[in-house]
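The values are calculated or read from the model by the stated rules, or taken from the named source; none is laboratory data. Note that the coordinates shown come from a computational prediction; the quantities given were computed from them, not determined experimentally. Note: ideal-geometry Cβ built from the backbone for every residue, glycine included; neighbour counts use all protein chains shown. For accessibility, only protein heavy atoms count, side chains too; no ligands or nucleic acids. Shrake-Rupley method; radii C 1.70, N 1.55, O 1.52, S 1.80 Å.
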Amino acid sequence: MTYRDADVDIDAGDALVEAIKPLAASTRRPGADADLGGFGGLFDLKAAGFRDPVLVAATDGVGTKLRVAIEAGRHDGVGIDLVAMCVNDLVVQGAEPVMFLDYYATGKLEVAVARDVVAGIAAGCRDAGCALVGGETAEMPGMYRAGDYDLAGFAIGAAERQQILTRDRVSAGNVVLALPSSGVHSNGFSLVRRIVERSGLAWDAPAPFAPERTLSEALLEPTRIYVRSCLKAIAAGGVTALAHITGGGLIENPPRVYGDDLAMRLDLSTWRLPPVFRWLAAQGGVEAREMLRTFNCGLGMLIVVEAGRADAVRDALSEAGETPVTVGVLEARTGDPVVFDGLSPTWLA
């Protein structure tokens, strides 16, 4: 017998490696040559300009957003999601992402599909400024249904020791700026899929909240990568914390960056709930607090800033192409760790 008799195609794996070598090479940066084929990826922190670096690591996946991509046959964006979910978690520590590795697992390797996924990973790495230095492709017959695959990402970043953002930097009176999300990002898709099932809409139907696009195209809009703009904000001075709004939404993520003696007060009137979230809330009968606990609700990144530096940080973000909005403030905690002004059923309308 051969390995192929056991439904593992080594030739397909070799073909994929050759297909993605140019994609990895496109992510080269100082400190990494991004060549594939070795047993591990190397990065030279000194060549990248670091003097007293601390390493920061993050790992994540795309969740059941993959199920939408697989059922809709759209694989080119989930690779960006994979990178975004990892590198956004690095930059909130004050770290610059420097290298990325991926894990792609499937029952039967389809080279064209895998290449589309890795092309998205490479695009995400270029956006984040990190090198795609390697990964693993696992063909595992019997573990996945036909056409299914899974993804995991691993990112390593570095920051000068004095640049690391810790929760003891945050204090009452700090201003909260926000950067908009591009949509649902990569959280809450188990609920999204249940709502779509209730709606009876097919993935190729026009999206009710964006009729110029199909439903799958609109929901699969990749997660935004905030690395370059957040690094510019940090460089402007006065940033005390960053919060990536992922699973847990605007209720559970902000308290991860400040002490138990503080609360974040967010004014819901300072931004408009995007149409995709209004549709999900209406179609699924989802209450306001459940929306805030599950989704980013239009805010993908929160930036906590010393009040006296808020204008300088806004300017830096604007120069980076962002449209920052002032959405709240830090205050002494007397109750919940996150307080919402303007929370009412009409906010979802």
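Which numbered condition in (1) assigned to a helix (DSSP H, G or I); (2) under 25 Å from the mean Cα position of the chain (by Cα) is the only one that Arg198 fails?
Every listed condition holds for Arg198 apart from (2).
What is the one condition in (1) open to solvent by 50 Å² or more (accessible area, probe 1.4 Å); (2) more than 19 Å from Val68 (Cα to Cα); (3) not in a strand (DSSP E or B) that Asp116 does not satisfy?
(2)
If you scan the range 164-195, which residues turn out to be of a type outside the set (S, T, N, Q), assigned to a helix (DSSP H, G or I) and either closer than 21 Å to Gly328 by Cβ or open to solvent by 10 Å² or more (accessible area, probe 1.4 Å) (or both)?
Arg167, Asp168, Arg169, Leu191, Arg193, Arg194
Please determine, by comparing only the residues of the range 53-68 that are hydrophobic (A, V, I, L, M, F, W, C) and part of a helix (DSSP H, G or I), which one is nearest to Asp102 (Cα to Cα).
Applying the filter and picking the extreme gives Leu66.
Looking at Leu45, is it touching a Pro at 6+ places or on another chain (Cβ under 8 Å) and in contact (Cβ under 8 Å) with a residue 24 or more places away in the chain? Give the steps one after another, and end with the answer.
Values: touching a Pro at 6+ places or on another chain (Cβ under 8 Å): yes; in contact (Cβ under 8 Å) with a residue 24 or more places away in the chain: yes.
So Leu45 passes the test.
For the condition of a type outside the set (Asp, Glu), touching a residue at least 24 places away in the same chain (Cβ under 8 Å), in contact with a helix residue (DSSP H, G or I) (Cβ under 9 Å, 6 or more places away or on another chain) and farther than 21 Å from Val56 by Cα, what is the one hit in Leu201, Leu177, Leu231?
Within the list Leu201, Leu177, Leu231, the selection yields Leu177.
Given the options Ala105, Ala34, Ala72, name the one that is in contact with a Ser or Thr (Cβ under 7 Å, 6 or more places away or on another chain) and modelled with pLDDT of 95 or more.
Being in contact with a Ser or Thr (Cβ under 7 Å, 6 or more places away or on another chain) and modelled with pLDDT of 95 or more holds for just one of Ala105, Ala34, Ala72, which is Ala72.
Taking helices (runs of 4 or more DSSP H) that do not extend beyond the range 210-295, which have at least 3 residues that are surrounded by fewer than 22 Cβ atoms within 10 Å (Cβ to Cβ)?
Answer list for the range 210-295: 215-219, 227-236, 275-284, 288-294.
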